[in-house]
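Here is the structure we will look at.
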């Protein structure tokens, strides 16, 4: 799908008309926009969406546990369970994975996982940037 844009420039001369001035002229230029994304662009978009969803789930998990949400609630249970395999690779990095403060829970392992997934996303996007074409 391509979109064509047309730009028209009109030169006008103001003041007293004199025979030496040319008549107004118009120049037209055409540009084609909307090129198809390359395979690398598509992979970059997929990576951004995938890592964004991972970060969203982990972020919601940290937030819900921090505010003391009931894990018996279906939505909270789903988010905590969905985040469990995403946090698991980072379990054991810190001595204390969880800090209890009353009903609230600060999940340090999930925060570490969030940072780890973000660094992995940056690395993947950097590698994909090597293969992207320079405009």
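Residues in the stretch 105-123 that are closer than 17 Å to residue 44 by Cβ and either crowded, with 17+ Cβ neighbours inside 10 Å or modelled with pLDDT under 85 (or both): 117, 121.
Output yes when any residue across the stretch 44-58 is modelled with pLDDT under 90, touching a helix residue (DSSP H, G or I) at 6+ places or on another chain (Cβ under 7 Å) and surrounded by 13 or more Cβ atoms within 10 Å (Cβ to Cβ), and no when none is. Outline the logic, then answer.
Filtering the stretch 44-58 for residues modelled with pLDDT under 90 gives none.
No, the stretch 44-58 contains no residue that is modelled with pLDDT under 90, touching a helix residue (DSSP H, G or I) at 6+ places or on another chain (Cβ under 7 Å) and surrounded by 13 or more Cβ atoms within 10 Å (Cβ to Cβ).
From the list 70, 84, 95, which residue is over 27 Å from residue 40 (Cβ atoms), without any contact (Cβ under 8 Å) to a residue 24 or more places away in the chain and in a helix (DSSP H, G or I)?
Values: 70 fails: in a helix (DSSP H, G or I); 95 fails: in a helix (DSSP H, G or I).
The conditions single out 84.
State the number of residues belonging to the stretch 79-104 that are within 16 Å of residue 58 (Cα to Cα) and at pLDDT 85 or above. Result for the stretch 79-104: 13.
Taking the stretch 67-102 as the range and being under 25 Å from the mean Cα position of the chain (by Cα) and under 15 Å from residue 114 (Cα atoms) as the test, the residues that pass are 79, 80, 82, 83, 84, 85, 86, 87, 88, 89, 90.
The values are calculated or read from the model by the stated rules, or taken from the named source; none is laboratory data. Since this is a predicted model, take the numbers as computed values, not measurements. All Cβ positions, glycine included, derive from the backbone under ideal geometry; neighbour counts span all protein chains shown.
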